[in-house]
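The values are calculated or read from the model by the stated rules, or taken from the named source; none is laboratory data. On a predicted model such as this, the values are computed, not experimentally measured, just so you know. Here the Cβ positions follow ideal geometry from the backbone for every residue, glycine too, while neighbour counts run over all protein chains shown.
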C-alpha cells in the first residue's frame, strides 16, 4: 500500500467517532422514528407555544428535524382529563420511540398504559412520591425527565407574599385535587415544618370552574388572606379568570405562571419553563441514540423568573419593596 493512501485511511478513520452520532441519525431517515408530544393545555396557549418552540430548537441543535429524520406527533389536551387519557392512548398506539409528557397528569396517564415506551417528562411534580420513578438519581424504569416545583418553592411564594404585604396571615393554595393530587403531599410536608409564627398554609381544593369564584371569594372574606396558584392543567386554562377574581376581591396572589401577571395578577415566580423544554430535547435525543431512561437522573429547574405587576399592586394598595423590584426580571406597569 502506498504511504499516501495509508495516511488518508488513517486520517479518515480518526474522524469517525465524531461523525458516529450524525451517521446514526442519518440512518434513521428511512425508518423515521416517531416522537410523541402530549401537552396538558390548549394549543392556543402562548406560553406553551414558546415551550414547544424551545423544544424544537433543542432538537434541531442536536440534528433532529421534523419531517426529515424524525416525525413529531403533537396532542393538546386543553386541561381536560378525558382528553389526556384519550391522547395518551393514541400516542402509545403509534409505537413511538419516545414520548415527551407535559405535566403530572399526563405522566400518570401514560404510566397506566405503558411500562415500555420511554417517557421524558417536562414540568412534572413529585415523581418519587407519585411512583413515576424509584429515585431521582436512578429512575429505574421507562420514565425520567425534568421537574417543575417542590414544597420549597411554595414556601418561597409564601415568603414573597409576606414581603409585599406584611399583614398577610394566611396563604391558600388553589388546586384541583383530581388533576394534581401531589399537592396533598406537599401541604403535609410544609405544614410539618411550619413555625407557629409563620404564615398559615390553607388548602383550597377546587374541582370545577363553577365553584372556583365561590371558593376564592369565601376565602377572601376574612382579612389577612392571600392566594397561591401552582402548576395545574385546571388553573392554567382558567388563569385569566383567577387573576380577575383576585383583583375583584383585593386578594394578593402569586402564581407559577407568567400569564397570571400579564392578565392582571400581582406576582409570578417559578422556573423558566422554556429552558426546561429545551433541556428535555437532550433526553429525547439520548433515547433516540440508545440511552435508557432508567439510568438518566431526574433533573430539577436551574433557571427561575420573577415578574411583578405594578398596576395590580397599586389597585391592591401595595407598595412594592425596592429590594424586590431590584431582583424582578420584569415589572409590568
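Within the stretch 273-281, identify whether any single residue is touching a helix residue (DSSP H, G or I) at 6+ places or on another chain (Cβ under 9 Å) and over 22 Å from residue 46 (Cα atoms), and answer yes or no. Walk me through it before giving the result.
Filtering the stretch 273-281 for residues touching a helix residue (DSSP H, G or I) at 6+ places or on another chain (Cβ under 9 Å) gives 273-281.
Subset that is over 22 Å from residue 46 (Cα atoms): none.
Looking for residues that are touching a helix residue (DSSP H, G or I) at 6+ places or on another chain (Cβ under 9 Å) and over 22 Å from residue 46 (Cα atoms), one finds none in the stretch 273-281, hence no.
Can residue 75 be described as more than 19 Å from the chain's Cα centre (by Cα), free of Cβ contacts under 8 Å to residues at least 40 places away in the same chain and either assigned to a strand (DSSP E or B) or surrounded by 24 or more Cβ atoms within 10 Å (Cβ to Cβ) (or both)?
Numbers: more than 19 Å from the chain's Cα centre (by Cα): no; free of Cβ contacts under 8 Å to residues at least 40 places away in the same chain: yes; either assigned to a strand (DSSP E or B) or surrounded by 24 or more Cβ atoms within 10 Å (Cβ to Cβ) (or both): yes.
It is false that residue 75 is more than 19 Å from the chain's Cα centre (by Cα), free of Cβ contacts under 8 Å to residues at least 40 places away in the same chain and either assigned to a strand (DSSP E or B) or surrounded by 24 or more Cβ atoms within 10 Å (Cβ to Cβ) (or both).
Give 287, 308, 256 a once-over and let me know the one that is touching a residue at least 40 places away in the same chain (Cβ under 8 Å) and in the same structural domain as residue 121 (by TED's automatic domain parsing).
Values: 308 fails: in the same structural domain as residue 121 (by TED's automatic domain parsing); 256 fails: in the same structural domain as residue 121 (by TED's automatic domain parsing).
Just one listed residue meets the conditions, 287.
Report, by residue number, each residue of the stretch 143-158 that is in contact with a strand residue (DSSP E or B) (Cβ under 6 Å, 6 or more places away or on another chain) and either surrounded by fewer than 18 Cβ atoms within 10 Å (Cβ to Cβ) or over 30 Å from residue 265 (Cβ atoms) (or both).
Once the filter is applied, which keeps residues that are in contact with a strand residue (DSSP E or B) (Cβ under 6 Å, 6 or more places away or on another chain) and either surrounded by fewer than 18 Cβ atoms within 10 Å (Cβ to Cβ) or over 30 Å from residue 265 (Cβ atoms) (or both), the stretch 143-158 yields only 143.
Of these, 319, 302, which one is outside any helix (DSSP H, G or I), free of Cβ contacts under 8 Å to residues at least 24 places away in the same chain and more than 17 Å from residue 50 (Cα to Cα)?
So the residue among 319, 302 that is outside any helix (DSSP H, G or I), free of Cβ contacts under 8 Å to residues at least 24 places away in the same chain and more than 17 Å from residue 50 (Cα to Cα) is 319.
Would you point out which residue out of 161, 174 is surrounded by 22 or more Cβ atoms within 10 Å (Cβ to Cβ), out of contact with any helix residue (DSSP H, G or I) (no Cβ under 8 Å at 6 or more places or on another chain), at pLDDT 90 or above and in the same structural domain as residue 229 (by TED's automatic domain parsing)?
None of the other options fit; the residue is 161.
Exactly one of these conditions fails for residue 55: (1) assigned to a loop (DSSP other than H, G, I, E, B); (2) touching a helix residue (DSSP H, G or I) at 6+ places or on another chain (Cβ under 7 Å). Give me its number.
(1)
Suppose we keep only residues that are more than 19 Å from residue 59 (Cβ to Cβ) and outside any helix (DSSP H, G or I) within the stretch 281-299. Which one would you say is farthest from the chain's Cα centre (by Cα)?
We begin by selecting, within the stretch 281-299, every residue more than 19 Å from residue 59 (Cβ to Cβ); these are 292, 294-295, 297-298.
After this cut, where a residue has to be outside any helix (DSSP H, G or I) as well, the list is 292, 297-298.
Numbers: 292: 22, 297: 17, 298: 13 Å.
That would be 292.
Any residue at all in the stretch 58-70 that is surrounded by fewer than 17 Cβ atoms within 10 Å (Cβ to Cβ), under 18 Å from the mean Cα position of the chain (by Cα), assigned to a helix (DSSP H, G or I) and touching a residue at least 24 places away in the same chain (Cβ under 8 Å)?
Checked the stretch 58-70: no residue is surrounded by fewer than 17 Cβ atoms within 10 Å (Cβ to Cβ), under 18 Å from the mean Cα position of the chain (by Cα), assigned to a helix (DSSP H, G or I) and touching a residue at least 24 places away in the same chain (Cβ under 8 Å).
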